[in-house]
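The numbers here are math on the coordinates, done by the rules we state, and not lab data. What you see is a predicted model; the values in this text were computed from it and never measured. All Cβ positions, even for glycine, are placed from backbone atoms using ideal geometry, and neighbour counts span all protein chains on display.
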Amino acid sequence: SILADQISAGEVVERPASVVKELVENSLDAGSRQIDVSVEDAGLKSITVVDNGAGIPVEDLEMAFHRHATSKITNRQDLFQIVTLGFRGEALPSIVSVADVVMETAVEGQPGTKIHLQGGKVLEKTASASRRGTKIVVSDLFFNTPARLKYLSSIQTELAAITDIVNRLALSHTEVAFSLSSNGRELLHTPGNGNLKQVISAIYGINVAKQMVEFDAEDQDFKVSGFVSLPKLTRASKNYVSFLLNGRYVKNSHLNKALIQGYGSKLMVGRYPVAIVMIQVDPLLVDVNVHPTKQEVKLSKEDELCNLLAKSVYARIARENL
Ligand code: ADP
Ligand code: MG
């Protein structure tokens, strides 16, 4: 029901940035190589995502806007081996229940479809261009849930949250060309050639990228690798640290501590490195089902991973002979 969708929307889409995250993750799941995001007024006026992914076949289109209509899980075993980003089938129904949504989508070699929904109701469905991929425009977010609108932060804060999420998705998908623009101004543009250093450079600037060093290590359960800044390049916020677990952006306070431990006494109190840490692990050791937004994860053998990370960062920084 639309009410159930609005309740679930409270969990899945609490702010414009969460809408951007869900839409871009859908584009990624659809195998897109190019994803262009543009927002107006930090997404409150509109959020547009254009991808060149697989598209949605016309016969599946209305189902995609129904709760738990995920096309990504077919049996219980899948739940433990999640390789796609979405799997709950909650994002689209949640978003359409609190906004005005126009989606144009086409599968390779088939005529496209355009569908317009408002507050969860289909207003119009017509044929459209057959460019492979999907374009979705979400306008008037939270128009029918004024209480939620009231709790949003300033335009700048909401835009910062959007930038943050697109940055992290770009970092975790270097083979995808991303762009982000805000009120017509381009904020990010990544090449999509698989080169992580170039994505770091696009996001943080060439001078930051130059002061980062590559590291990697592995043991029987984990592989860790990535780029960390030298101790002279620090920031006053943890926001410049990203952990990607099997390619998925995650949050985990123990990993943060381990990373900082890896700098020994070289970091000043309250200062953080700039770091992109990639972790590869058997999906069976990960529990992603902790929260609907799926960022906070639980790991088996977390202590072992933290040790590996701290030791390898320590060794890498030591090699710079500082
Ligand atoms: P989930 O991603 O958890 O499966 P969503 O509500 O986010 O659920 O999306 C519902 C379904 O709509 C997806 O399973 C997918 O089949 C389809 N879909 C959504 N966005 C796209 C897109 N950009 N390209 C192709 N298919 C899409
Ligand atoms: Mg999804």
Averaged over every viewing direction, what's the projected area of the C-alpha convex hull for the chain? Give it in nm², one decimal, please.
16.9 nm²
Say we join alpha carbon atoms closer than 10 Å with springs in a Gaussian network model of the chain; which of Asn307, Asn144, Asn207 then has the biggest fluctuation?
Asn207
So Arg185 and Thr157, fully extended at 0.36 nm per residue minus their Cα-Cα distance, gain in nm 8.4 nm
Mean separation of Cα contacts under 8 Å (at least 6 apart) over the residue count of the chain, i.e. the relative contact order in percent, is 15 percent
Suppose each label sits 7 Å from its Cα in the direction of the beta carbon; what would the Asn144-Glu62 distance come out to in nanometres?
1.7 nm
For the stretch 211-319, the Cα convex hull volume per residue in Å³ comes to 91 Å³
Cleavage-rule hits (chymotrypsin sites (Phe, Trp or Tyr not before Pro)) in the stretch 104-207: DSSP loop, at most 15 neighbouring Cβ within 10 angstrom
Phe143, Tyr151
Using the beta-carbon distance between Glu214 and Arg271 and R0 = 30 Å, what value does 1/(1 + (r/R0)^6) give for FRET efficiency, to the nearest 0.05?
0.90
Net charge near Leu308 (other residues with Cβ under 13 Å of its Cβ; Lys, Arg +1; Asp, Glu -1) is -3
If you take every residue apart from Ser253 with its C-beta less than 13 Å away from the C-beta of Ser253, what net charge results, scoring Lys and Arg +1 and Asp and Glu -1?
+2
For the chain, find the longest principal axis of its Cα atoms and tell me its angle to the long axis of helix 16-29, 0 to 90°, nearest 10.
90 degrees
Let me know the Kirkwood hydrodynamic radius for the stretch 156-242, please, with Cα pairs as the basis and the value in Å to one decimal.
14.1 Å
Loop-located trypsin sites (Lys or Arg not before Pro) in the stretch 131-173 whose Cβ has at most 15 other Cβ within 10 Å (DSSP):
Arg131
So, over other residues within a Cβ distance under 12 Å of Arg33, counting Lys, Arg +1 and Asp, Glu -1, the net charge is -2
GNM on the chain, Cα springs under 10 Å; top mean-square fluctuation among Val49, Val96, Val297 goes to Val297
Testing the spin-label approximation: label points 7 Å from Cα along Cα→Cβ at Asn239 and Arg33. State their distance in nm.
3.3 nm
For the pairs Lys266/Lys311; Lys45/Lys150; Lys21/Lys150; Lys135/Lys210; Lys150/Lys251, flag any whose C-alpha to C-alpha distance is greater than 25 Å.
Lys135/Lys210; Lys150/Lys251
